[in-house]
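**Q** Below is one structure. I have some questions about it.
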Ligand code: NAD
Ligand code: UDP
Ligand code: UDP
């Protein structure tokens, strides 16, 4: 069981100003796409707790049924395995649209499917999936909330980022095929000469990857090629998938605004900043999950670059509270939802050491060129219009995910040794 540190606001409390205080609104039918994922499953917990009927639509690309197991058998809960890229007919009052392949995980087990589908799916899910869910909202008159991302700001030239900032994104930038590989990636191909030579070719000439693909030597669907891209995306998650993810979310925001302005659909847009907590994917290469899993496994904490780049980390219960206030409120947004507490990666490593293992070592690794130097939300707008701000600091939140990680890290080890 997971520790919840929710600031529980009963749903009938007048958050957005529409429902008179004390008047009980009838329980709602709510669709959560991507509800089997990290954020989605915590949101589902809150909605179920509030007494709503919840339908989760998820294709389990990066989510897990386990995250929702405790609701199975509840008549108010329904889980549908479905890809939002395909149309679907449902009757609901609200749609929280979270479905998005957030990171290319599990490539170790099925590199071909995961990596190839990841590259195409990330963009396709954000564009076609969002269009379908907006179409659904239009047909049934539901309110629609999009979980966008701070990555729409790209490598920001303004700090901290205000919602009115348009961002600094290269639409054709840093694609997997045009990436300069850090040496550590090549070293991780050791023992596999084909992979290693492919990696060296990539370093010498980034476009050679396409040549390799075209020459029949390594076809795009070959396991070696995919494993290489897998290593690459895994080692440099930032660079590898940057433009398909950023641009997909930017398009999704545009689509939501089109449906709102053109067709009068009630939409809400959240721009989520780095979030952590229990049920977070263990091996998707994000810094918090990496450090926590590394400390538990007694491995060195891998700091990329000099570790002076900053991020702001939000605990998941704060985010869920913000999403629900946004949905129930009267403002379209976009709203930044994040914790303004800013930390360097070295400071984060220190908090992980203090929390898990004071003897954990730090190991520096080369960083990718386009890794944003700083990221920190300006949440003035959410504070003013939603009455929301985070309440869980990094030092309070980090310990809350350790038990969940410990269980999963060690059950994974049992799985792989057996
Ligand atoms: P997650 O990967 O844990 O959850 C995403 C869920 O969507 C998974 O359960 C996955 O299986 C599902 N999914 C993916 N493609 C799908 C498809 N085509 N059809 C149906 N389901 C599909 O990621 P998360 O961290 O919980 O993120 C949730 C949302 O919040 C995403 O939209 C993400 O872009 C956004 N976000 C998260 C963060 C963060 O720090 N966690 C930051 C910015 C934005
Ligand atoms: N859609 C859906 N479920 C619905 C209604 C629509 O999946 O209940 C999909 C539909 O298949 C279409 C998309 O949403 O691909 C956009 O629908 P909309 O009606 O806005 O556009 P249109 O179909 O007129 O192009
Ligand atoms: N990072 C790191 N070690 C890791 C993973 C990531 O130092 O093991 C750094 C990464 O270079 C980036 C920061 O941590 O500067 C945050 O990375 P993450 O992928 O978690 O989030 P994002 O960059 O998308 O904000």
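The values are calculated or read from the model by the stated rules, or taken from the named source; none is laboratory data. Note that the coordinates shown come from a computational prediction; the quantities given were computed from them, not determined experimentally. Heads up, the Cβs are rebuilt from the backbone with ideal geometry, glycines too, and the neighbour counts pull from every protein chain shown.
**Q** Would you check which residues across the range 295-316 are within 16 Å of ligand 1 (Cβ to nearest atom) and farther than 29 Å from residue 40 by Cα and list them?
**A** Result: no residue meets the conditions.
**Q** A further question follows. Can you tell me which residues in the range 60-75 are surrounded by 15 or more Cβ atoms within 10 Å (Cβ to Cβ) and modelled with pLDDT of 95 or more?
**A** Step one: list which residues in the range 60-75 are surrounded by 15 or more Cβ atoms within 10 Å (Cβ to Cβ), which gives 61-64, 67-68, 70-71.
67, 68, 70, 71 - these are the residues of the range 60-75 that are surrounded by 15 or more Cβ atoms within 10 Å (Cβ to Cβ) and modelled with pLDDT of 95 or more.
**Q** Now for a different question. Only one of (1) at pLDDT 95 or above; (2) in a helix (DSSP H, G or I); (3) more than 19 Å from residue 164 (Cβ to Cβ); (4) out of contact with any strand residue (DSSP E or B) (no Cβ under 8 Å at 6 or more places or on another chain) fails for residue 410. Which number is that?
**A** Unmet for residue 410, out of (1) at pLDDT 95 or above; (2) in a helix (DSSP H, G or I); (3) more than 19 Å from residue 164 (Cβ to Cβ); (4) out of contact with any strand residue (DSSP E or B) (no Cβ under 8 Å at 6 or more places or on another chain): (1).
**Q** Among the candidates 343, 364, 335, which residue alone is crowded, with 17+ Cβ neighbours inside 10 Å and either at pLDDT below 95 or within 14 Å of ligand 1 (Cβ to nearest atom) (or both)?
**A** Working: 343 fails: either at pLDDT below 95 or within 14 Å of ligand 1 (Cβ to nearest atom) (or both); 364 fails: crowded, with 17+ Cβ neighbours inside 10 Å.
So the residue among 343, 364, 335 that is crowded, with 17+ Cβ neighbours inside 10 Å and either at pLDDT below 95 or within 14 Å of ligand 1 (Cβ to nearest atom) (or both) is 335.
**Q** Which of (1) surrounded by 15 or more Cβ atoms within 10 Å (Cβ to Cβ); (2) outside any loop (DSSP other than H, G, I, E, B) does residue 390 not meet, given it meets every other one?
**A** (2)
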